[in-house]
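The values are calculated or read from the model by the stated rules, or taken from the named source; none is laboratory data. All values reported here derive from a predicted model rather than from experimental measurement. Because the Cβ atoms are built from the backbone with ideal geometry, glycine has one as well, and the counts that use them run over all protein chains shown.
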Amino acid sequence: SVCPGDTSVLAGLYGPAEAKISKELPDRAALEVLLRPKVGLPGVLERSREQLLRQTCEAVLLGVLHPRTAISLVLQVLSDAGSLLSCCLNAACMALLDAGLPLAALFCGVTCALQPDGTILLDPTARQEQEARAILTFAIASSDRKVLMATTKGSCSVEEMQQCLAAAQRAASTVFQFYRDSVRRRYSKC
Amino acid sequence: LSIYSRTVEPLEYYRRFLKENCRPDGRELGEFRTTTVNIGKCLCSITTADGSALVKLGNTTVICGVKAELAAPAVDAANKGYIVPNVELPSLCAERFRSGPPGEEAQAASQFIADVIENSQMMVKEDLCIANGKLAWVLYCDIICLDYDGNLLDASVFALLAALKNVQLPLVTINEETGLSEVNLKQKNPLIIRKHPVATSFAVFDDTLLIVDPTAEEEDLATGTVTIVTDEEGRLCSVHKPGGSPLTGAKLQDCITRAITRHKEVKKLIDKVIKSITPK
């Protein structure tokens, strides 16, 4: 589970396991992502986020090493205090790491909020998100800081988007350091 | 021999074309398919809808019908109406879609359209309010794909924009004495559309090559997709890159530049069509 501030998401990964014949792919693993909101039934927003997460994970996962298997990633939102999508991305990546699945690169989620006065705020709280002009969420790959996933809410100019992207790429290093520390702690105990 | 290789080794078949900087259907990498749009009751043939448009992007055919109904506004937003988009991918448009509850692609597309409407502020919900706290318009926008040949998002956004421009809402007044609403069907006003968002989709091949307006075949072979929505001021309403191969900031910038050019082409087309159907 990942908790930046008060937002927390619990991720569970199952697989590679035997796939149903209707769902199996002949040459690669079939990844399925389920996102459960804190309150209520999953709706259209959850489905669209599931698609974002699934395609991001599929881009880094070496599925060809496990053909005809199914990998299920279940994410449960425990609390939401802003930056939910990037929290889900980080939880997904750590779950993939913890399961020991073969990955081409790691990725991390960073949310940037564009304030009405033009300043860029990283990892906004729910209140800052409401006041912001635009919220941009990026998934940055660890190998070369390229953009794996991008999603925006609200409108912004092209220059502002590039500035947010640069800020997100810089912030990605902090998140990857956090991954390294967590994994080191986990494996130093046993 | 070429048909054999296209079915057995589609990626190698495509790579041979991409090396020469063109595609099997003869297009350049940055060229769009022929776009046609039909708006209104005469050309579009949805006579029961308040506004309708049919968009063809090559073979991809998308029809959008807008129906306006009256409802009470929400308690926390008493001066706002509703715009409810819904994208449907019926099983007739492509064999990969089965009948039954909407699949992930349809739901993700519906969410994308809702986001575009919200982000671009193309319609201000306060304009849909008739009486504060009592009555407001609800616009149900149904976008149905009739033939799926790739690039659903571009065609859907275009169809939605064209249909909304075609909508004529009757004037509704609330009778002071009885408190009931009176609909005046003879007096109709068009919707106030403030911004005109246009979507441009790209497919990423082999992590480096970007092609514009992918067909269904190209989408299946691609390693990722990017959709950029711009409005007339060159502002970004949405950058939608759902996973797929990683891109540098510079490549994203190329996409944005192409999207801005495309916006101008589409705006010209839509203005021409609207002018041709306006009654003199």
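Can you list the strands (runs of 3 or more DSSP E) lying wholly within segment B:52-151 that have 1 or more residues being under 13 Å from the mean Cα position of the chain (by Cα) and under 29 Å from B:A222 (Cα atoms)?
Hits in segment B:52-151: B:60-71, B:82-88, B:135-147.
Working only within segment A:153-164, note down all residues that are within 8 Å of chain B (Cβ to nearest Cβ) and either touching a residue at least 24 places away in the same chain (Cβ under 8 Å) or out of contact with any Cys (no Cβ under 9 Å at 6 or more places or on another chain) (or both).
A:K153, A:G154, A:C156, A:S157, A:V158, A:M161, A:Q162
If you take the residues in segment B:234-259 that are of a type in the set (D, E, K, R) and more than 19 Å from the chain's Cα centre (by Cα), which one is farthest from the other protein chains (Cβ to nearest Cβ)?
The extreme case among them is B:D254.
Pull up segment A:92-103, narrow it to residues that are within 11 Å of A:C57 (Cβ to Cβ) and of a type in the set (G, A, S), then point me to the one that is surrounded by the fewest Cβ atoms within 10 Å (Cβ to Cβ).
A:A95
List every residue pair whose Cβ atoms sit under 6 Å apart, with the two residues 6 or more apart in sequence or on different chains, where the first one lies in segment B:92-120 and is more than 8 Å from chain A (Cβ to nearest Cβ) and modelled with pLDDT of 90 or more and the second, anywhere, is surrounded by 14 or more Cβ atoms within 10 Å (Cβ to Cβ) and assigned to a loop (DSSP other than H, G, I, E, B).
Final answer for the pair search is B:A106/B:L89; B:V116/B:P197.
Results for (1) in a loop (DSSP other than H, G, I, E, B); (2) small (G, A, S); (3) at positive phi, shown as yes or no for each residue.
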{"residue": "B:N189", "(1), (2), (3)": "no, no, no"}
{"residue": "B:K195", "(1), (2), (3)": "yes, no, no"}
{"residue": "B:G234", "(1), (2), (3)": "yes, yes, yes"}
{"residue": "B:A259", "(1), (2), (3)": "no, yes, no"}
{"residue": "B:R262", "(1), (2), (3)": "no, no, no"}
{"residue": "B:K272", "(1), (2), (3)": "no, no, no"}
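Have a look at B:I174, B:I130, B:I144 and point out the one that is modelled with pLDDT of 90 or more and not acidic (D, E).
Answer to the selection: B:I144.
Find the residue count for segment A:22-38, including only residues that are modelled with pLDDT under 90 and among the aliphatic types (A, V, I, L, M).
The total comes to 1.
Quick check on segment A:51-65. Is at least one of its residues surrounded by fewer than 16 Cβ atoms within 10 Å (Cβ to Cβ), modelled with pLDDT of 90 or more and more than 14 Å from every other protein chain (Cβ to nearest Cβ)?
yes
Going through segment A:115-137 one residue at a time, which ones are of a type outside the set (A, V, I, L, M, F, W, C) and surrounded by 14 or more Cβ atoms within 10 Å (Cβ to Cβ)?
Correct list: A:Q115, A:D123, A:P124, A:T125, A:Q128, A:E129, A:R133, A:T137.
Conditions (1) crowded, with 19+ Cβ neighbours inside 10 Å; (2) within 17 Å of B:I211 (Cα to Cα), marked per residue:
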| residue | (1), (2) |
| --- | --- |
| B:V8 | no, no |
| B:R15 | no, yes |
| B:E20 | no, yes |
| B:E31 | no, yes |
| B:S52 | yes, no |
| B:K56 | yes, no |
| B:I63 | yes, no |
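Does A:K146 count as surrounded by fewer than 24 Cβ atoms within 10 Å (Cβ to Cβ), more than 15 Å from the chain's Cα centre (by Cα) and within 7 Å of another protein chain (Cβ to nearest Cβ)? Full working, then the answer.
Numbers: surrounded by fewer than 24 Cβ atoms within 10 Å (Cβ to Cβ): yes; more than 15 Å from the chain's Cα centre (by Cα): no; within 7 Å of another protein chain (Cβ to nearest Cβ): yes.
So A:K146 fails the test.
Identify all residues within segment B:152-187 that are of a type in the set (S, T, N, Q), part of a helix (DSSP H, G or I) and either more than 24 Å from B:A71 (Cα to Cα) or touching a Lys or Arg at 6+ places or on another chain (Cβ under 7 Å) (or both); write none if there are none.
B:S156
Residues of segment B:128-151 being of a type outside the set (A, V, I, L, M, F, W, C) and in contact with a strand residue (DSSP E or B) (Cβ under 9 Å, 6 or more places away or on another chain), which ones?
B:K134, B:Y140, B:D142, B:D147, B:Y148, B:D149, B:G150, B:N151
Each row is one residue, and each column tells you yes or no for (1) over 16 Å from A:C87 (Cβ atoms); (2) more than 14 Å from chain B (Cβ to nearest Cβ); (3) among the hydroxyl-bearing types (S, T, Y); (4) assigned to a loop (DSSP other than H, G, I, E, B).
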site: A:C112; (1), (2), (3), (4): no, no, no, no
site: A:G118; (1), (2), (3), (4): yes, no, no, yes
site: A:Q128; (1), (2), (3), (4): no, yes, no, no
site: A:T151; (1), (2), (3), (4): no, no, yes, no
site: A:A172; (1), (2), (3), (4): no, no, no, no
site: A:F176; (1), (2), (3), (4): no, yes, no, no
site: A:D181; (1), (2), (3), (4): yes, yes, no, no
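For every residue, the table says whether it meets (1) touching a residue at least 40 places away in the same chain (Cβ under 8 Å); (2) farther than 21 Å from B:L252 by Cβ; (3) in a strand (DSSP E or B); (4) aliphatic (A, V, I, L, M).
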position: A:S72; (1), (2), (3), (4): yes, yes, yes, no
position: A:L78; (1), (2), (3), (4): yes, yes, yes, yes
position: A:A81; (1), (2), (3), (4): yes, yes, no, yes
position: A:I135; (1), (2), (3), (4): no, no, yes, yes
position: A:I140; (1), (2), (3), (4): no, no, yes, yes
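Evaluate the following for B:D220: is it within 30 Å of B:E9 (Cα to Cα), assigned to a helix (DSSP H, G or I) and within 14 Å of chain A (Cβ to nearest Cβ)?
Yes, satisfied.
Consider B:N132 carefully, then state whether it is without any contact (Cβ under 8 Å) to a residue 12 or more places away in the chain and either surrounded by fewer than 19 Cβ atoms within 10 Å (Cβ to Cβ) or within 14 Å of chain A (Cβ to nearest Cβ) (or both).
Working: without any contact (Cβ under 8 Å) to a residue 12 or more places away in the chain: no; either surrounded by fewer than 19 Cβ atoms within 10 Å (Cβ to Cβ) or within 14 Å of chain A (Cβ to nearest Cβ) (or both): yes.
Against the criterion (without any contact (Cβ under 8 Å) to a residue 12 or more places away in the chain and either surrounded by fewer than 19 Cβ atoms within 10 Å (Cβ to Cβ) or within 14 Å of chain A (Cβ to nearest Cβ) (or both)), B:N132 does not qualify.
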